[in-house]
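Trainee: Mind having a look at this structure? Questions to follow.
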Amino acid sequence: MSDYDPPTEPLEVLHDDHEIVVVNKPAGLLSVPGKGEHLADCLLERVKDVFPTALLVHRLDRDTSGVMVFALSPHAQRHLGLQFEKRQTKKFYVARVHGRLEPREGVVDLPLIVDWPNRPLQKVCHETGRTALTEWRVMRAGKDETRVRLSPKTGRSHQLRVHMLALGHPILGDPLYATEEARAHPRLMLHSEELRLRHPDGGAGIKFRAKAPF
């Protein structure tokens with residue numbers, strides 16, 4: 001992991017009520033604290049500065065931006081946690097990937113596991129990997145890059161990054177998986193644009209969006 005220089009922009013709250021708070025995470029900020037004082041600044045702590053009862057439900061990679069939900073009570077944390085665990089939430093990401101991705105849509109079904117000698121990298125492994133499934137659809141394709149909408153059906157670490165790499169189209173700006181040419185961007189071009197879930201109080205379906213900044 002490169003030197004940690006988290007962004008200083010103010011917290012962007014998309015929604016808050018008595019059970020949940022939804023924010024737009026900036027790229028470059030850890031979701032939770034890392035090991036060591038220099039990695040203490042994270043989205044969870046920034047949310048707790050404003051909403052002291054905030055509890056973690058899920059994570060986004062440091063370099064990924066976009067929609068994240070936090071619980072404001074133990075009940076909400078359990079309710080939301082089960083939705084993620086049982087794959088009842090729906091997540092939609094926008095990514096810019098290297099090269100022209102064809103056909104227009106498809107599914108990546110490749111099991112993933114940590115690449116221990118090179119951690120935190122992940123890798124495809126058909127023997128010991130855990131099931132990982134990603135649906136994708138091309139939004140706009142050019143000669144050198146493609147804008148794609150990704151919907152992960154599982155929540156494995158680095159899933160979208162490794163699955164796009166497996167297709168031969170790494171996400172632009174990826175410091176871990178992209179080739180040198182594709183890495184030459186100011187940030188990882190991956191953004192969690194929409195999250196759909198059921199509200200912990202009553203179970204009504206709700207969705208939250210934050211437009212991709214690239």
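Trainee: Return the residues of the range 112-129 that are surrounded by 14 or more Cβ atoms within 10 Å (Cβ to Cβ) and either in contact with a Cys (Cβ under 6 Å, 6 or more places away or on another chain) or touching a residue at least 12 places away in the same chain (Cβ under 8 Å) (or both); say none if nothing qualifies. Steps first, please.
Mentor: Taking the range 112-129 and keeping what is surrounded by 14 or more Cβ atoms within 10 Å (Cβ to Cβ), we get 112-115, 121-125, 129.
Listed by number, the residues that qualify are LEU112, ILE113, VAL114, LEU121, GLN122, LYS123, VAL124, CYS125, GLY129.
Trainee: In addition: Check the range 116-127 and report whether any residue there is part of a helix (DSSP H, G or I), in contact with a Gly (Cβ under 7 Å, 6 or more places away or on another chain) and either of a type in the set (A, V, I, L, M, F, W, C) or outside the structural domain of LEU165 (by TED's automatic domain parsing) (or both). Working first, answer last.
Mentor: Going residue by residue through the range 116-127, those that are part of a helix (DSSP H, G or I) are 116-118.
Within this subset, residues satisfying the condition of being in contact with a Gly (Cβ under 7 Å, 6 or more places away or on another chain) are none.
No, there is no match, as no residue in the range 116-127 is part of a helix (DSSP H, G or I), in contact with a Gly (Cβ under 7 Å, 6 or more places away or on another chain) and either of a type in the set (A, V, I, L, M, F, W, C) or outside the structural domain of LEU165 (by TED's automatic domain parsing) (or both).
Trainee: Turning to a different aspect of this structure: Quick one: SER65 ticks every box in (1) touching a residue at least 60 places away in the same chain (Cβ under 8 Å); (2) closer than 29 Å to ILE206 by Cβ; (3) under 19 Å from the mean Cα position of the chain (by Cα); (4) surrounded by fewer than 14 Cβ atoms within 10 Å (Cβ to Cβ) except a single one, so which number is it?
Mentor: So the condition that SER65 fails would be (4).
Trainee: A further question follows. State whether the residues of the range 70-81 include one that is in contact with a helix residue (DSSP H, G or I) (Cβ under 7 Å, 6 or more places away or on another chain) and not basic (Lys, Arg). Break it down stepwise before answering.
Mentor: The first filter runs over the range 70-81 and keeps only residues in contact with a helix residue (DSSP H, G or I) (Cβ under 7 Å, 6 or more places away or on another chain), leaving 70-71.
Still in the running and not basic (Lys, Arg): 70-71.
Looking through the range 70-81, at least one residue is in contact with a helix residue (DSSP H, G or I) (Cβ under 7 Å, 6 or more places away or on another chain) and not basic (Lys, Arg).
Trainee: Could you tell me whether any residue of the range 177-190 is among the small types (Gly, Ala, Ser), within 16 Å of LYS91 (Cβ to Cβ) and in contact (Cβ under 8 Å) with a residue 12 or more places away in the chain?
Mentor: No, the conditions are met nowhere in the range 177-190.
Trainee: Taking the residues in the range 164-197 that are in a helix (DSSP H, G or I) and not basic (Lys, Arg) as candidates, determine which candidate is nearest to MET68 (Cα to Cα).
Mentor: The extreme case among them is MET164.
Trainee: While we're looking at this one, here's another question. Say we look at the range 94-111 and pick out the residues that are outside any loop (DSSP other than H, G, I, E, B) and touching a helix residue (DSSP H, G or I) at 6+ places or on another chain (Cβ under 6 Å); which of these is surrounded by the most Cβ atoms within 10 Å (Cβ to Cβ)?
Mentor: Keep residues of the range 94-111 that are outside any loop (DSSP other than H, G, I, E, B), which gives 94-98, 105-109.
From what is left, the residues that are touching a helix residue (DSSP H, G or I) at 6+ places or on another chain (Cβ under 6 Å) are 97-98, 108.
On the way: VAL97: 28, HIS98: 24, VAL108: 19.
For the range 94-111, the residue satisfying everything is VAL97.
The values are calculated or read from the model by the stated rules, or taken from the named source; none is laboratory data. Since we're looking at a predicted model, the values are computed, not measured. Positions of Cβ are backbone-derived with ideal geometry, glycine not excepted, and every protein chain shown enters the neighbour counts.
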